[in-house]
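Notes for the one structure printed next.
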Amino acid sequence: MTLDWPVLLPLIFAGLMGLSILIYVVLDGFDLGIGILFAMADDDERDTMVAAIGPFWDANETWLVLAVGLLLVAFPVAHGIILTALYLPVFVLLVGLILRGVAFDFRAKVPVHRKHRWNFLFFAGSLTASLSQGYMLGVYVLGLDDGLAVFGFGALVALCLAASYAAMGAAWLIYKTEGELQRKAVRFLRGALLFTALGMVAVSLATPFASPRIFEKWFTWPEIAWLTPLPIITGGAFLWLWHLSFHLPLKGDRHSITPFLTLAAIFTLGFAGLAYSFYPYVVPDRLTIWEAASATESLGIILVGTAFVLPVIIGYSFYAYRIFGGKATELTYD
Amino acid sequence: MDALILSRLQFAANISFHILFPTITIALGWVLLFFKLRYNATGDGAWMRAYFFWVKVFALSFALGVVSGVTMSFQFGTNWPGFMETVGNIAGPLLAYEVLTAFFLEAVFLGIMLFGFRRVSNRVHTLATVLVAFGTTMSAFWILALNSWMQTPAGFEMRDGVAYATDWWAIVFNPSFPYRLAHMLIASGLTVAFLIAGLSALRYLKGDRSDSMWKALRTGVFLGAGLIPVQIFVGDMHGLNTLEHQPQKVAAMEANWVTRPNVPLVLFAWPDEEARENRFEIAIPNGASLILKHSIDGVVPGLNDYVGNHPPVAPVFWGFRIMVGVGLAMLALSWATGFFLLRRGTLPRPLAYAYAPMAFSGWVATLAGWYTTEIGRQPWLVTGVLRTEQAVGPVPAGQVGFTLTVYVALYVTLMIVYLGVLTHLALKAAKDGDQTPMPGVRNEPLAQPAQAGE
């Protein structure tokens, strides 16, 4: 194939969309995870946990809007097929996101005796949103089919993704808190890590066996030679994190950010594997990114804006994370 | 009911709920900046207290706007795949620019604006407020560009049933866009003006005479009194623009069934679609000809020219009248109150009692106006390009009915809670007065003459 704009642009946008999804999963992953961990915390701890994500969650969720937005604007046909096929799980996701988003704000502003209710809804919304994302991932991996087996697999991935978000949340808490809550977060991390590993193994095994095309892509010479490091590095990262979790917190709070970064790396590796499996399809085995793409001139217009704006967004996101760096303290509107 | 009407109801429910919150945040961002700049200039802590009160309302409204906005971005695909398949080449870039230039700007700097006052310098905090206000306004710019293009499409060509852009400038600045953008931005200003004045009036009625209450009240009343005449003028121009580009919508707004001269201005009627005439009509002779054509025997287009191709008449007719009626009430109340504040330096209790329930009058007018223009676009999704029924997706009616029911229940609940929390915040502020401490805020008002009544 020749590298001209009609070929390049869909490729670039698939890359951008993948990047947005990955950033979303890592960033909103930790704040959804903290919502899930709400179930295992007491009231004071909950205030600290919310303070650890307060300045960030709006922006984190915006990456989902960008990811879905890019699917919508760059691959409109695929957007229609995927979202009508996943109509109900998408709906559950949205209800979950609505509940947790408003609960986050309401819990701090309602009269004190009603705060409990919104704490619960923050937990319930975070959990349902995570579960539905996992379910959608499971169904997508199996090619958007339906049937009992697909449902079962979707449910398994749903549980595991929720657990891996909980792991992200725990890792973020290790970074942002101290004392008893930090020690608690280490225990949460260890428990959630097991399910995260299980989920990644399940998805990694199911993907090639659900599609002969993907099987072919992984298990042929010479591809297999340079792909082998991917699962090995991932496994190594898991083992190291597992080992580390028995020693945290360390003196002087060393390595407090390491669990989060390691998990982010693990997510990135897993995501890279998925991306390799599905490329060049945007709807598995049905529609390639070129078949689903918008007109070249429209993609060009979007790309011009993206090229200017995306680095700026990433830049000021880093700035915001730096301003609110350090241990979480009480969160007030001043 | 079939999937089409259910999907339309669901979209209407989602977007109606969504628009309420951006309508607040677009203008409230600028009002917050005004409070902040007044504080920077005078060093008077009461401005900062007003800022902190309204920033909470901003945060709450923003959160509801974000979560309902996320829902909107999925709606296109889940229920209306035909929309993007047909006009995605044009709608796509406009939506993309909205997310890229606006959504992120708001979302990232919101954190600093809400929680960063003591973490960053005062200058950076002011800058964050500017960027958030600018971001919300840019959001409105792009999304209204898309909506206006759907009303009055321009700058494109159709190839094999798919729209391709030929002139981006013409697409963004399509014929109805400048009017719609101005009309909506002022509507947002009015909504916020009445919300601020209304909640401040509630605090006043509860005995609150604090500095910060007066400052917010005066800001709200004068902002409203200043904007409403401008809005009436801009609204009139927007109407004339609609007459030029979507005459069937104006015919429905006026419930004018027959193209003719000397058309009366219908004040009240029950439009009967079956008989294609008005029942119980009360009208001012020649009124519509005068308003729309600036001459009593001006010929006004009627619905008979658009049989089978015009919107349902009653909702458009009534939506328009509710919007205008609320606008006139806003004019009367804000000018009367403005007079007393300026000349007498007081707020008479009857006016405070009238203001408190008018806190949400902006919402009523905004929704009524949007219903007028969006139902007025039917049966087209994109005027002359795509009919609404052609865009609906394959999801079965039962599923859409189920999701619609849950959405509506959720939205009603959230609305009750939102209104309850706002009232709670206002009552709590009324009780605390200006007594609670504000760490990090200097309070050294420059010497200035005391204002009567404060």
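The values are calculated or read from the model by the stated rules, or taken from the named source; none is laboratory data. Quick caveat, the model's predicted, so the values are computed rather than measured. Because the Cβ atoms are built from the backbone with ideal geometry, glycine has one as well, and the counts that use them run over all protein chains shown. Ligands, DNA and RNA are excluded from the accessible area calculation, which covers all protein heavy atoms including side chains. Shrake-Rupley method; radii C 1.70, N 1.55, O 1.52, S 1.80 Å.
Placing pseudo-labels 7 Å out from each Cα toward the beta carbon at residue A:327 and residue A:117 gives an inter-label distance of 3.5 nm.
Taking all Cα pairs closer than 8 Å and separated by 6 or more residues, the relative contact order of the stretch A:8-323 comes to 22 percent. With the convex hull constructed from alpha-carbon coordinates only, the stretch A:8-323 shows a mean projected area of 16.9 nm² over all directions. Heavy atoms of chains B and A lose about 6000 Å² of accessible surface on contact, summed over both sides with a 1.4 Å probe. Using the Karplus relation 6.51 cos²θ - 1.76 cosθ + 1.60 with θ = phi - 60°, the per-residue 3J(HN,Hα) values for the stretch B:67-78 come to 5, 6, x, 4, 4, 4, 5, 8, 3, 3, x, 5 Hz, with x marking Gly and Pro.
At a probe radius of 1.4 angstrom, the accessible area of the protein assembly as shown per residue rounds to 39 square angstrom.
Legend: Rg and Dmax of chain B, from Cα coordinates, 23.5, 71 Å.
The stretch between residue B:168 and residue B:2 holds 56.1 nm of extra length on full extension. This uses 0.36 nm per residue minus the Cα-Cα distance.
Put the Cα centre of the stretch B:358-385 next to the Cα centre of the stretch B:387-439 and the gap is 19 Å. Mind pulling the angle between the C-alpha long axis of helix A:57-74 and the longest principal axis of chain A? Nearest 10 degrees, somewhere in 0 to 90. Its long axis makes an angle of about 10 degrees. Per-residue mean of foreign Cβ neighbours for B:415-423 is 3 (Cβ atoms of other chains, 10 Å radius). Averaged over peptide B:58-65, the number of partner chain Cβ atoms lying within 10 Å of each residue's Cβ comes to 4. Summing charges over neighbours of residue B:67, with a neighbour being any other residue whose Cβ is under 15 Å away from its Cβ, gives -4 when K and R count +1 and D and E count -1.
For the stretch A:8-323, the carbon plus sulfur part of the accessible surface works out to 73%, probe radius 1.4 Å.
Evaluated over chain A, the count of Lys pairs having alpha-carbon atoms less than 17 Å apart is 6 (only pairs 8 or more residues apart or interchain). Charging the Cβ of each Asp and Glu at -1 and of each Lys and Arg at +1, and nothing else, the dipole of the protein assembly as shown about its Cα centre rounds to 2400 debye.
Neighbours of residue A:45 by Cβ distance under 11 Å: Lys/Arg scored +1, Asp/Glu scored -1, total -3. FRET efficiency for the residue B:402 to residue A:4 pair, using the beta carbon distance and R₀ = 60 Å, is estimated at 0.80. For residue B:272, the residues whose modelled amide H falls within less than 5 Å of its own, excluding neighbours fewer than 5 places apart on the same chain, are B:277, B:278, B:279.
Summarising the amide proton neighbourhood of residue B:386: residues at separation of 5 or more, or on other chains, whose placed amide H is nearer than 5 Å comprise B:381. Computed over neighbours whose Cβ is under 13 Å from that of residue B:38, the net charge equals +2, Lys and Arg +1, Asp and Glu -1. Shape analysis of the protein assembly as shown yields a ratio of the Cα radius of gyration to the Kirkwood radius, Rg/Rh, of 0.99. The lysine pair tally for chain B, using Cα distances under 23 Å and a gap of 8 or more places or different chains, is 13. Dipole check for chain A: with +1 at the C-beta of Lys and Arg, -1 at the C-beta of Asp and Glu, and the Cα centre as origin, the magnitude is about 700 Debye. Peptide packing: for A:158-167, B:121-130, A:228-237, the average count of neighbouring Cβ atoms within 10 Å per residue gives the ranking A:158-167, B:121-130, A:228-237, highest mean first. For an R0 of 25 angstrom, estimate the FRET efficiency from the Cβ-Cβ distance between residue B:124 and residue B:436 and round to the nearest 0.05. Efficiency for this residue pair is about 0.50.
Considering the stretch A:174-282, its Cα convex hull presents a mean projected area of 7.8 nm².
In percent, rounded to a whole number, the relative contact order of chain B is 22, using alpha-carbon pairs under 8 Å and six or more apart. Shielding of peptide A:301-311 by partners, expressed as the average count of other chain Cβ atoms within 10 Å per residue Cβ, is 4.
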